[in-house]
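S.K.: One structure is given below, represented as structure tokens, and several questions about it will come after.
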Amino acid sequence: MQHHGCSCAGHNQASKGKQSESSSYDEKTPLVDTTKKEHGLSGTKPFVMLLGILLASIGSSLYLYFYHTPMEKYGAMRGSHPLGELCGRPIHELPSIHMIKLKSRPDRLKFVQDNTAKPILQHLQFHEGFNPRSYSREGLRDKMKKEGWHPAPSFANLQNLKGEHGSAMRKEIIGRCLGFRDGEHAMNDLDKADMQDCKAVKGNSFDTAYFHNRNKTLGEIGLLGSHHMIWQQIAQQSNPSGWAIVLEDDRAVDDVAGLCSFIDKVEALPKVDGKPSWDYINVAPGEGRRFCPESVPEFERDGSFHRVRSSMCTSFYALTGNYAKYLEAAHPEKCLLGSDDFTTFACDPLSHPLHEAFAACFPQLKEQRMCLNWAGSPRSFYKEPHGSTANTSVSSDEIIGEDAPELAWLRKELGTDERIASPFANMAAHA
């Protein structure tokens, strides 16, 4: 998912329906090997010929059955699973793996099909995303009204925050874009700072003017809608492993050994009552604020994971079933914005640069959670697309300009700005 200020490519958009559609992957990929070896039968005797016909008929029936049987059911019936065998784990100890796809991007689907290792491909559950661009203007309004969904409000332009309170707010936002919470760092030297100064300070990347002073795009609200629908499903599932993996279709996991190593490392993290005690792990983190003073040696002991306050980019991550319930309870669909804006805020609301704005959207999210970045070996066990297949920015300057009037109309039709009041209303400059 391409998000300005985030190094990951390809923000997937999302699609129709409140519940996402899942399917075992691609009918072109049989779930069993149907090739037959020669057994030396001469075929000269009638009974041998009849036996061959009978075996062929049975084989054909079995092929059709397995071909249309979800891999999880097939593996459980056999007492094994191709990915489970390679990872040395029974199927119930494997996390479910979910991927967002769009009908409008068959090139992405082909990329995933061609580059994902077959045992992993067979384990994937595909979900049709929520794609606002697939609707007419009125159709999108009616769809969102029916589902109770809203785009994020347009809160304020930071450059218009004036007066004593506005100046103090600007300082706090700059401090948070470096990873600090309010009061953790002296901001005395920031009186003359431009609002974009955070963009490349000490390895941090958070362009506050870009993130705060603009409307979201149709692609961004579609993307969060897509992830939201997957979180709903994960929250409702009873996965014995207690966690799941989510990918966008700009990541193809081609390294089985790498994935198995990641699963082993995750399973070795501390547990409480047999369930994971972490919440969220970003496997392909984008650029972001790296400051995080809360040390957790039991999670960071071998260097495979680092705790973070900020976790930009949602192209490849893991989350627990309990955390999916936590995110779902915050109702992200009521204030749709960039998916990694939401996940970063959920990890640590108090250090998020846009804390005031997002707290107006998600007042339930108040506590810091156990969010980690993957830093183990192999660091990357997936492929990314190139060329036109990789070109999926949903927040370029051109798209922002095109979508701004559409989202302004949508917010007006849905009453969004009246429903969620701007926390900066009393700080804006008077005309």
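S.K.: Starting from the exponent 0.38 and prefactor 2.2 Å, build the expected Rg for region 241-376 from its residue count and divide its actual Cα Rg by it.
M.R.: After normalising by residue count via 2.2 N^0.38 Å, the value is 1.02.
S.K.: Further question: Can you list the residues, at least 5 places off or on another chain, whose amide H is less than 5 Å from the amide H of residue 383, using H built in the peptide plane?
M.R.: 252, 253, 254
S.K.: Pull up the DSSP beta bridges for region 273-413 and report the antiparallel fraction as a percent, rounded to 5.
M.R.: Roughly 65 percent of the beta bridges in region 273-413 run antiparallel, per DSSP.
S.K.: Also, I was wondering about something else. Under 5 Å between amide H atoms, partner at least 5 residues away or on a different chain: which partners does residue 125 have, H built in plane at 1.01 Å?
M.R.: Under 5 Å from the amide H of residue 125 lie the amide H atoms of 97, 98, 99, each far enough along the sequence or on another chain.
S.K.: While we're on this one: Each label point is 7 Å from the Cα along the Cα-to-Cβ direction; what then is the distance between the points at residue 271 and residue 422, in nm?
M.R.: My value for the distance between the label points is 5.0 nm.
S.K.: Between residue 294 and residue 184, what is the label-to-label distance in nm when each label sits 7 Å out along the Cα-to-Cβ direction?
M.R.: My value for the distance between the label points is 0.9 nm.
S.K.: Expressed in whole Å with the largest first, what are the equivalent ellipsoid semi-axes of region 312-431 derived from the C-alpha gyration tensor as the square root of 5 times each eigenvalue?
M.R.: Over the Cα atoms of region 312-431, the semi-axes work out to 29, 22, 14 Å.
S.K.: Another question about this same structure. List the residues, sorted by chain then number, that are 5 or more residues from residue 312 or on another chain and whose placed amide H is less than 5 Å from its amide H.
M.R.: Sorted by chain and number, the residues that satisfy this are 286.
S.K.: Give me the distance in nm between label points sitting 7 Å out from Cα along the Cα-to-Cβ direction at residue 137 and residue 397, one decimal.
M.R.: Label at residue 137, label at residue 397, 2.6 nm between them.
S.K.: Cross-chain or 8 or more residues apart, Cα under 27 Å: how many lysine pairs in region 213-360 fit that? Count them up, please.
M.R.: 7
S.K.: Another question about this same structure. For every other residue with a beta carbon closer than 10 angstrom to the beta carbon of residue 140, add +1 if it is Lys or Arg and -1 if Asp or Glu, then tell me the sum.
M.R.: Charge balance near residue 140 sits at +1.
S.K.: On to the next question. Which whole number in µm²/s is D for region 340-409 by Stokes-Einstein, with the Kirkwood Rh taken over Cα pairs at 25 °C and 0.890 mPa s?
M.R.: Approximately 158 µm²/s, per Stokes-Einstein.
No lab work stands behind these numbers, since they all come straight from the coordinates. Everything quoted here is computed from the prediction, not taken from an experiment. Every residue, glycine among them, receives a Cβ derived from its backbone with ideal geometry; neighbour counts consider all protein chains shown.
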